[in-house]
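Enquirer: One structure is given below, represented as structure tokens, and several questions about it will come after.
The values are calculated or read from the model by the stated rules, or taken from the named source; none is laboratory data. Fair warning: this is a prediction, and the values are worked out from it, not measured in the lab. No Cβ is skipped: glycine too gets one built from the backbone with ideal geometry, and neighbour counts run over all protein chains shown. Please note that ligands, DNA and RNA were not included when accessible areas were found on the heavy atoms of the full protein model with its side chains. Shrake-Rupley method; radii C 1.70, N 1.55, O 1.52, S 1.80 Å.
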Amino acid sequence: MPLDAISSRHHPIVKEFRELARGAGALMLLDGWHLLGEAAAANVVVEKIAICGPPTAKEQIIVDRLRRNGALVVEVTGSVLNALSPVNSPTGVVASARVPVMSSASVLKPAPALVLAAAGLQDPGNAGAIIRSAAAAGATGVVLDELSADPWGWKALRASMGSAFQLPVVRSRALASLIKEWKSAGTRIVATVPRGGVSMYDVDFTKPIAVLLGGEGAGLPEDLASGADLRVSIPMLGAVESLNAAVAAAILLYEAQRQRHLTNVRRAQVKA
């Protein structure tokens, strides 16, 4: 470790990063090389990078790119890294970065929209997993209401594995108003319910659509469900009452992806 590496746990950067770990601000905490690399690839503005130990050649490319873009890079000892990082086993780098600012309209593009909107989703691990599934399934955006976990908190970011930088993610204080705007714009609103809804296999996901998902335990608030065009349920066998929120989101989004893929294949066949 270089002699000029930060070795005091009382250094201002320690307090700064610990405050970032609490979330809900204009900056977010990135822990680990994978997350930092995903942020760099998405052109997220990274402000400070604390490194412990020599980076690999691949990691050095990331650091050099971010340094050229204005990031301050400092080296720290292992004990300081442990103080900076909220995880039990830090992987050598912690950074601060600006939270991407997305408009609510961005989640509807490109057409046809496929939005996942969650209300009262309190578990940050579920929030991150849903964002990851949404990115993988080709969703156009994710919206979480103010009662949901912060998608830019370090736990959610780690669960999303960087997917939060790959599609529009919006935190809204007015989800009900957004739903009305989406309906006015021609987007079909689908409310997920554990039982009694239309089977997801009978829902047309190929048109612009927003899937409303409730939080753990309480489910989707009735005031939001009542404003939907229809209620949809995932068929479940046996005595299972409900599915984990992240699992349910993934199933619905992949059913949408399946339908859209088949539609595209059929169109290509007709043109051929």
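Enquirer: Report for the chain the percent antiparallel among DSSP-assigned beta bridges with both residues inside it, nearest 5.
Expert: 30 percent
Enquirer: Taking Rh as the Kirkwood radius computed over C-alpha pairs, what is the Stokes-Einstein D of region 1-65 at 37 °C in a medium of viscosity 0.692 mPa s, expressed in µm² per second?
Expert: It comes out at roughly 247 µm²/s.
Enquirer: To continue, here is another question. Counting heavy atoms of the protein chains only and a 1.4 Å probe, report the per residue accessible area for region 51-207 as a whole number of Å².
Expert: Solvent-accessible surface per residue comes out at 45 Å².
Enquirer: Follow-up question, since we're still on this one. Stick to the Cα atoms of the chain, pair each with every other, and give me the Kirkwood hydrodynamic radius in Å at one decimal.
Expert: About 20.0 Å, per the Kirkwood formula over Cα pairs.
Enquirer: Over all alpha-carbon pairs in region 218-257, figure out the percentage whose distance exceeds 12 Å.
Expert: Summing the P(r) tail past 12 Å for region 218-257 gives 69 percent.
Enquirer: Follow-up. Can you work out the Karplus-derived ³J(HN,Hα) for every residue in region 234-251? Use 6.51 cos²θ - 1.76 cosθ + 1.60 with θ = phi - 60°, whole Hz, and x for glycine or proline.
Expert: 8, x, 10, 9, x, 9, 5, 8, 7, 10, 3, 4, 5, 5, 4, 4, 4, 4
Enquirer: Still on this structure: What pairs from 58/155; 109/271; 109/183 go past 18 Å between their alpha carbons?
Expert: 58/155; 109/271
Enquirer: Rg/Rh for region 30-74 to two decimals, with Rh computed the Kirkwood way over all alpha-carbon pairs.
Expert: Rg divided by Rh gives 0.90.
Enquirer: Can you bin every Cα-Cα distance in region 169-241 into 10 Å intervals starting at zero and give me the percent of pairs per bin, rounded to whole numbers?
Expert: 18, 51, 27, 4
Enquirer: Testing the spin-label approximation: label points 7 Å from Cα along Cα→Cβ at residue 10 and residue 247. State their distance in nm.
Expert: 5.1 nm
Enquirer: Also, quick follow-up: Which of the GluC sites (Glu not before Pro) found in region 172-255 are in a DSSP loop and have at most 10 neighbouring Cβ atoms, other than their own, within 10 Å?
Expert: 241
Enquirer: Carbon-plus-sulfur fraction of the accessible area of region 143-272, 1.4 Å probe, in percent?
Expert: On region 143-272, the fraction of accessible area on carbon and sulfur atoms equals 54 percent.
Enquirer: I'd like the Karplus ³J(HN,Hα) series for region 135-142: coefficients 6.51, -1.76, 1.60, θ = phi - 60°, whole numbers in Hz, and an x wherever there's a Gly or Pro.
Expert: Per-residue couplings from phi come out as 5, 5, 8, x, 5, 8, x, 10 Hz.
Enquirer: What residues have an amide H closer than 5 Å to that of residue 144, excluding those fewer than 5 places away on the same chain, when H is modeled at 1.01 Å from N in the peptide plane?
Expert: 118, 170, 171, 172
Enquirer: For helix 175-184, what angle does its Cα long axis make with the longest principal axis of the chain, in degrees from 0 to 90 and rounded to 10?
Expert: Value to nearest ten degrees: 50.
Enquirer: For residue 48, give me every one of the aspartates and glutamates with a C-alpha distance below 18 angstrom, ignoring sequence neighbours fewer than eight places off in its own chain.
Expert: The qualifying aspartates and glutamates are 4, 16, 19, 31, 38, 59, 64, 75.
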